[in-house]
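J.: One structure follows; several queries about it will come next.
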Amino acid sequence: MDTKRMRVLNGEYEPLRTHTRNMVKALTSSGFECEWGYFAQHSVRNGDEWFFEHYPIPVITVKNVCEIGFDLNQTFIEFKLKREVSIAFDFTRLHGFTFEVYGLTDYLNDFYNVDQDINDIHAKIGKSDEKEIGISLLFGYLESVENLIQAVNKLKEIVNAELA
């Protein structure tokens, strides 16, 4: 194998792995159950263009709350809501976050992103055949553990309120 390519890959993956392990420690110290692994086949948007990632990235599953992914250019937190819940959901509860709302069957079908009107989300979901709706909170590359823990705590409140 070409050691130059190995060094490039190690240079990209080492910070992601280290940050993921730090996040897992912080989550478990905060009382969350979680596990993590490497998963491929994510799609990310770069401007108006979608990019399919063949390579794996570290993803933490926080039991009964969300998934946290550490990508090469951003960090994301994903969670899902049942269709009926999402139609009634007050998306202003996510104020302060950059977020996207999309279908889980057709994940490239945006119900909301920063270039769209937040007031159209419910109508778009209502017209879709999706049974579950995905929501991603978007953060910078290697976002601070403190910011991510705050976001996970906020999502835990939201998820618990929606399941009550």
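The values are calculated or read from the model by the stated rules, or taken from the named source; none is laboratory data. Everything quoted here is computed from the prediction, not taken from an experiment. Here the Cβ positions follow ideal geometry from the backbone for every residue, glycine too, while neighbour counts run over all protein chains shown.
J.: Does the stretch 50-58 contain any residue that is surrounded by 18 or more Cβ atoms within 10 Å (Cβ to Cβ) and out of contact with any Gly (no Cβ under 7 Å at 6 or more places or on another chain)? Step through it out loud before you land on a result.
T.: Looking only at the stretch 50-58, we keep the residues that are surrounded by 18 or more Cβ atoms within 10 Å (Cβ to Cβ), and these are 57-58.
If we keep only those that are out of contact with any Gly (no Cβ under 7 Å at 6 or more places or on another chain) as well, we get 58.
Yes, that holds for at least one residue.
J.: Taking the stretch 66-90, which residues are touching a Phe, Trp or Tyr at 6+ places or on another chain (Cβ under 7 Å) and at pLDDT below 95?
T.: N73, Q74, L81
J.: Restricting the stretch 85-97 to residues that are in a loop (DSSP other than H, G, I, E, B) and in contact (Cβ under 8 Å) with a residue 24 or more places away in the chain, which is farthest from E49 (Cα to Cα)? Outline the logic, then answer.
T.: Step one: list which residues in the stretch 85-97 are in a loop (DSSP other than H, G, I, E, B), which gives 89-90, 95-97.
Narrowing the set further to residues that are in contact (Cβ under 8 Å) with a residue 24 or more places away in the chain leaves 89, 97.
Details: F89: 28, F97: 22 Å.
Only one residue fits best here, namely F89.
J.: For the condition exposed (fewer than 12 other Cβ atoms within 10 Å of the Cβ) and among the hydrophobic types (A, V, I, L, M, F, W, C), what is the one hit in V24, V85, V8, V44? Please lay out each step first, then the result.
T.: Details: V24 fails: exposed (fewer than 12 other Cβ atoms within 10 Å of the Cβ); V85 fails: exposed (fewer than 12 other Cβ atoms within 10 Å of the Cβ); V44 fails: exposed (fewer than 12 other Cβ atoms within 10 Å of the Cβ).
It is V8.
J.: Just a yes or no: is a residue in the stretch 114-128 at pLDDT below 90 and within 17 Å of the chain's Cα centre (by Cα)?
T.: Within the stretch 114-128, one or more residues are at pLDDT below 90 and within 17 Å of the chain's Cα centre (by Cα).
J.: Sticking with this structure for a sec: Among the residues of the stretch 98-147, write down those that are part of a strand (DSSP E or B), of a type in the set (S, T, Y) and loosely packed, with under 15 Cβ neighbours inside 10 Å. Explain how you work it out, then say what you get.
T.: Start the filter on the stretch 98-147 by keeping residues that are part of a strand (DSSP E or B), which leaves 98-103, 110-112, 132-139.
Narrowing the set further to residues that are of a type in the set (S, T, Y) leaves 98, 102, 112, 136.
Answer for the stretch 98-147, where residues must be part of a strand (DSSP E or B), of a type in the set (S, T, Y) and loosely packed, with under 15 Cβ neighbours inside 10 Å: just T98.
J.: Within the stretch 142-164, how many residues are in contact with a helix residue (DSSP H, G or I) (Cβ under 9 Å, 6 or more places away or on another chain) and over 25 Å from A88 (Cβ atoms)?
T.: Count: 6.
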